[in-house]
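The values are calculated or read from the model by the stated rules, or taken from the named source; none is laboratory data. Everything numeric in this text was worked out from a predicted model, so none of it was measured. Cβ sites come from the backbone with ideal geometry, for glycine too, and all protein chains shown count toward neighbours. Side chains are part of the model used for accessible areas, which takes the heavy atoms of the whole protein and leaves out ligands, DNA and RNA. Shrake-Rupley method; radii C 1.70, N 1.55, O 1.52, S 1.80 Å.
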Amino acid sequence: MIALYELKGKNDRRYSLFSWRTRMALRHKGLDFESLPVRLSDKAVIEFSGGKTVPVLRDKDTVVRDSWKIAEYLENRYKDAPPLFGGEIGRGVTQAFNTWVDRTVVRAMLPVIAADIHERVDPADEDYFKQSMEKVLKMTLEESRAKRDEAVLHLGKVIEPLQETFKRQAFMAGAKPAYADYILFSVFQWARVMSPHELLGPEDPLCQWRERMLDLFDGFARNVPTA
């Protein structure tokens, strides 16, 4: 059994956006896994990985940390399972997309939902999350909540090109989903699990894509605790 170490919030939520990339990649490959909860402030649990962040994947004697490295490992190790990238060209393009999502979409989403996340992390992590997140945001969580409408407008501008993409194709990867879809989906699943605010209208092509993603693998991502 593959073990996946990932963040745990209140009501047993699995809320790390990077873990969601790995979760979807494992399902794409048809691999079962055991989810092992980790508190944000408890680094000792994953010390064996050589790092301080999740996700961490243990597959027998192999330990891999970092969602992108895990995706590459799964692609190389389980070559007979459905591909995540669609070849070396697809791998290169997907890695570029991964960087863009992390530097634009994730950064735009964070101030929108940061205060909501704080309300749903493990109680033991509340102080740690607040202190670390306020350093990242360069404002208090209370200030970020007050500026939420402004942050939502900025997020809308960032994701506008994606709305246009899904007018033309069902998935980021084309006719069928692949790892590029899981990269983008992780950001919206992060918001869905940790924030009560709906950010996408039903008429949005991006919302329709998200619904298709939630239906994958017998509703694997849909049937989880949410806000």
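For every residue, the table says whether it meets (1) closer than 29 Å to Gly201 by Cα; (2) free of Cβ contacts under 8 Å to residues at least 12 places away in the same chain.
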residue: Tyr73; (1), (2): no, no
residue: Lys79; (1), (2): no, yes
residue: Val106; (1), (2): yes, no
residue: Pro111; (1), (2): yes, no
residue: Tyr128; (1), (2): no, no
residue: Met133; (1), (2): yes, no
residue: Glu143; (1), (2): yes, yes
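Here is a yes/no grid of residues against (1) under 22 Å from Phe220 (Cβ atoms); (2) open to solvent by 20 Å² or more (accessible area, probe 1.4 Å):
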{"residue": "Ser16", "(1), (2)": "yes, no"}
{"residue": "Glu34", "(1), (2)": "yes, yes"}
{"residue": "Ser49", "(1), (2)": "no, yes"}
{"residue": "Ile70", "(1), (2)": "yes, no"}
{"residue": "Arg91", "(1), (2)": "no, yes"}
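Give the residues of the range 208-226 that are farther than 15 Å from Leu26 by Cα and either more than 16 Å from the chain's Cα centre (by Cα) or open to solvent by 50 Å² or more (accessible area, probe 1.4 Å) (or both), sorted by residue number. The answer is Gln208, Glu211, Arg212, Asp215, Arg222, Asn223, Pro225, Thr226.
Can you name every residue in the range 171-211 that is of a type in the set (D, E, K, R) and part of a helix (DSSP H, G or I)?
Selection gives Asp181, Arg192, Arg210, Glu211.
Taken over the range 212-226, the criterion of being out of contact with any Leu (no Cβ under 6 Å at 6 or more places or on another chain) and assigned to a loop (DSSP other than H, G, I, E, B) is satisfied by Phe220, Asn223, Val224, Pro225, Thr226.
Rundown of residues vs (1) under 28 Å from Asn11 (Cα atoms); (2) out of contact with any Ser or Thr (no Cβ under 6 Å at 6 or more places or on another chain); (3) open to solvent by 80 Å² or more (accessible area, probe 1.4 Å), yes/no style:
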{"residue": "Pro123", "(1), (2), (3)": "yes, yes, yes"}
{"residue": "Tyr128", "(1), (2), (3)": "yes, no, yes"}
{"residue": "Leu137", "(1), (2), (3)": "yes, no, no"}
{"residue": "Arg145", "(1), (2), (3)": "yes, yes, yes"}
{"residue": "Ala151", "(1), (2), (3)": "yes, yes, no"}
{"residue": "Lys167", "(1), (2), (3)": "no, yes, yes"}
{"residue": "Phe171", "(1), (2), (3)": "no, yes, no"}
{"residue": "Phe188", "(1), (2), (3)": "yes, yes, no"}
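Could you please let me know if Arg39 is more than 19 Å from Ser132 (Cα to Cα), in contact (Cβ under 8 Å) with a residue 12 or more places away in the chain and basic (Lys, Arg)?
no
Going by the structure shown, is Thr62 open to solvent by 30 Å² or more (accessible area, probe 1.4 Å), touching a helix residue (DSSP H, G or I) at 6+ places or on another chain (Cβ under 6 Å) and not small (Gly, Ala, Ser)? Criteria not met by Thr62.
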